[in-house]
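**Q** Could you have a look at this structure, given as structure tokens, before my questions?
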Amino acid sequence: MRTPILISALFGSLFLATSQAYAHCDSADGPVATAAMSALNSGNVNVVLPYVPEAAEAEIGAAFNQSRAVRAGGGDAKDLAERFFLETVVRLHRAGEGAPYTGLKPAGMDFGPAIPAAEQAIANADLSKVKALLDNEVKHGLDARFGHVLHTRDAPDEPQTRAEVVSARERVDAEFGFIAYVEGLRQAAQGALDHRE
């Protein structure tokens, strides 16, 4: 039966989208690295501690003190100390999410429209652009998948020939794909509030 494969593919795409949101935290201009630089610049380690689990605070404190001391040397030492601290903070942030650390990503990466819209909503306390974006994406996804279901609807329920089997298989794939998409959206909508879950 193809249903588990289709549902797995849909959940895989939802996981990829979630992974992309987490990868945003790994970028040099993402919120975690920005907080780390702010901590270094201000001399206040507390600025970055909300981004890591409590268990990581001692390691962050040690890296912070070491980085601040080396950073005072200026030049290459300053750059290296900053990079070390940013990588340490992002690595420990990812560990707190239960995710692997794959390195600090370069600034300016394109994470698509959803992440900037969500950040703007938080900054402006206005959800309207996020709602419009998601409404449009969900509508497009539903319309495309349902359109495919309707396109394949004439395939027989009980195929008699090899050609009918091929068309019936396309119909079944379209129907299960649509159903899996709808269920995936429902599950995503009911997802956990904590981004670490």
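**Q** Among all the lysines, which ones have a C-alpha under 21 Å from Lys78's C-alpha, if same-chain residues fewer than 8 places away are not counted?
**A** Leaving aside lysines fewer than 8 places away in the same chain, those within reach of Lys78 are Lys105.
**Q** Relative contact order for the chain using alpha-carbon pairs under 8 Å, separation at least 6, rounded to a whole percent?
**A** 24 percent
**Q** Mind checking the dipole of the stretch 28-108: about its Cα centre, +1 per Lys or Arg Cβ, -1 per Asp or Glu Cβ, Debye to the nearest 20?
**A** In debye, rounded to 20, the stretch 28-108 gives about 120.
**Q** If each residue's Cβ is checked for other Cβ atoms within 10 Å, how do Glu175, Glu170, Glu54 rank with the fewest at the top?
**A** Ranking Glu175, Glu170, Glu54 by Cβ neighbours within 10 Å, fewest first, gives Glu54, Glu170, Glu175.
**Q** Which residue, chosen from Ala118, Gly147, Val166, occupies the Cα position most advanced towards the positive end of the dipole of the stretch 103-197, where the dipole is computed from +1 (Lys, Arg) and -1 (Asp, Glu) charges on Cβ about the Cα centre?
**A** Projecting each Cα onto the dipole axis, the largest value belongs to Ala118.
**Q** Checking the cross-link filter: which aspartates and glutamates have an alpha carbon closer than 14 Å to that of Lys131, excluding same-chain neighbours under 8 positions apart?
**A** Once the sequence-local aspartates and glutamates are set aside, what remains near Lys131 is Glu119.
**Q** Find how much the distance from Glu97 to Asp135 grows on full extension, using 0.36 nm per residue of separation minus their present alpha carbon separation; answer in nm with one decimal.
**A** 10.9 nm
**Q** List the residues, sorted by chain then number, that are 5 or more residues from Lys105 or on another chain and whose placed amide H is less than 5 Å from its amide H.
**A** Amide H neighbours of Lys105, under 5 Å, 5+ apart: Ser27, Ala28.
**Q** Please say if the stretch 65-144 is rounded, prolate or oblate, where rounded means a/c under 1.5 for a ≥ b ≥ c the square roots of the C-alpha gyration tensor eigenvalues, and otherwise the choice is prolate for a/b larger than b/c and oblate otherwise?
**A** It is prolate, given that a/c is not under 1.5 and a/b is the larger ratio.
**Q** Sequence neighbours fewer than 8 away in the same chain don't count; with that in mind, list the lysines whose C-alpha is under 24 Å from Lys129.
**A** By straight Cα distance, Lys129 reaches Lys139.
**Q** Name the residue from Ala55, Val70, Gln187 whose Cα lies farthest towards the positive end of the charge dipole of the chain, charges +1 on Cβ of Lys and Arg and -1 on Cβ of Asp and Glu.
**A** Of the candidates, Val70 comes out farthest on the positive side.
**Q** Answer with a single label: of [x] 8, 34, 32, 19, 6, 1, 0; [y] 8, 33, 38, 18, 3, 0; [z] 8, 25, 25, 18, 12, 7, 3, 1, which was calculated as P(r) over Cα pairs in 10 Å bins from 0, in percent from the structure in view?
**A** Working out P(r) over Cα pairs in 10 Å bins from 0, in percent from the coordinates points to [z].
**Q** Report the charge-dipole magnitude of the chain in Debye, nearest 20, computed about the Cα centre from +1 at each Lys and Arg Cβ and -1 at each Asp and Glu Cβ.
**A** 200 debye
Throughout, read-outs are computed from the coordinates displayed, never taken from laboratory work. Predicted model, so just to flag it, every value in this text is computed and none were measured. Cβ coordinates were reconstructed from backbone atoms using ideal geometry, including for glycine residues, and neighbour counts include every protein chain displayed.
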